[in-house]
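Bear in mind these aren't lab numbers, they're just calculated from the coordinates by the rules spelled out. Not measured: the values here are computed from a predicted model. Please note: Cβ atoms are built from the backbone with ideal geometry, for glycine as well, and neighbour counts cover all protein chains shown.
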Amino acid sequence: MSQIQTIADNVAAGKTKLVGGLVQEALDNGCAATDILNAMIDAMGVVGERFKNNEIFVPEMLIAAKAMKKGVEVLKPHLASGNANKYGKLIIGTVAGDLHDIGKNLVAMMIESAGFEVIDLGVDVPVSKFIDTVHENPDTKIVALSALLTTTMPSLRDTVAALNDADFRSGIKVMVGGAPITQAFADEIGADAYTPDAASAAQKAKELAS
């Protein structure tokens with residue numbers, strides 16, 4: 001079994017303590033940083049699929065994402081800056097009035113694992129903050145919004161409306177998600193995409209950015 005395959009397997013298994021060392025070893029033996037990164041991204045794709053099929057649950061997925069992060073830390077100095085974030089920038093945050101962050105954090109980790117540079121604005125993010133952050137990062141590809149409560153769905157609607165009216169709208173895609181959100185609601189408020197879970201969010205982000 002190749003060293004790169006071993007790394008991928010350990011990422012999928014969430015072996016955080018081992019991954020960093022294995023990545024360093026593979027680099028020392030001449031494996032290309034991009035090959036290692038792509039293998040880890042693929043491993044997270046497999047983890048995402050298993051999550052979607054209810055074979056594993058949030059804790060396992062978080063552990064795998066943490067293991068991936070560990071590997072990426074070791075790889076970063078060896079990657080041409082473009083490769084670690086080959087899909088560009090994505091801004092993510094939970095909308096104003098909503099303090100939930102576990103789902104958002106999971107989505108952010110999965111999207112980062114998929115090869116994005118993620119700017120996480122945290123929770124209870126006012127509309128103006130999303131707009132300002134896009135202005136500060138004109139190369140942003142996607143803005144991802146999370147609302148976890150039915151009571152903050154209007155806040156999500158307002159945020160999407162403001163983004164849709166912004167001068168940069170044609171250059172970005174807007175993704176929405178969260179427990180009470182549906183495809184129908186996403187369509188109604190004018191978002192580009194809705195995904196039901198973190199694994200599909202990462203997949204969808206890649207499609208939108210390509």
Out-of-range pairs (alpha-carbon distance over 25 Å; input K52/K104; K104/K204; K52/K204; K17/K173; K66/K89; K66/K173): K17/K173; K66/K173
Inter-centroid distance (Cα atoms) of segment 165-179 relative to segment 20-52, Å: 31
In terms of the Cα gyration tensor, with a ≥ b ≥ c the square roots of its eigenvalues, is segment 85-209 rounded because a/c is under 1.5, prolate because a/b exceeds b/c, or oblate? rounded
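With an 8 Å Cα cut-off and a minimum separation of 6 or more residues, compute the relative contact order for segment 85-209 in percent. Please report the intermediate quantities before stating the final value.
On the way: 238 pairs, mean separation 37.1, N = 125.
Here the relative contact order equals 30 percent.
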Angle in degrees between helix 198-209 and the longest Cα principal axis of the chain, rounded to the nearest 10: 80
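Is the shape of segment 144-210 rounded, prolate or oblate, going by the alpha carbon gyration tensor and its root eigenvalues a ≥ b ≥ c, with a/c under 1.5 for rounded and a/b larger than b/c for prolate? It would help to have the intermediate numbers written out before the result.
Values: a/c = 2.11, a/b = 1.05, b/c = 2.02.
Because a/c hits 1.5 or more and a/b fails to exceed b/c, segment 144-210 counts as oblate.
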Would you kindly derive the ³J(HN,Hα) couplings of segment 105-116 from the backbone phi angles with the Karplus curve 6.51 cos²θ - 1.76 cosθ + 1.60 (θ = phi - 60°), listing them in order in whole Hz, with x for Gly and Pro? 4, 5, 4, 4, 5, 5, 5, 5, 4, 7, x, 9
Net charge near F116: determine it from the other residues with C-beta under 9 Å of the C-beta of F116, scoring Lys and Arg +1 and Asp and Glu -1. +2
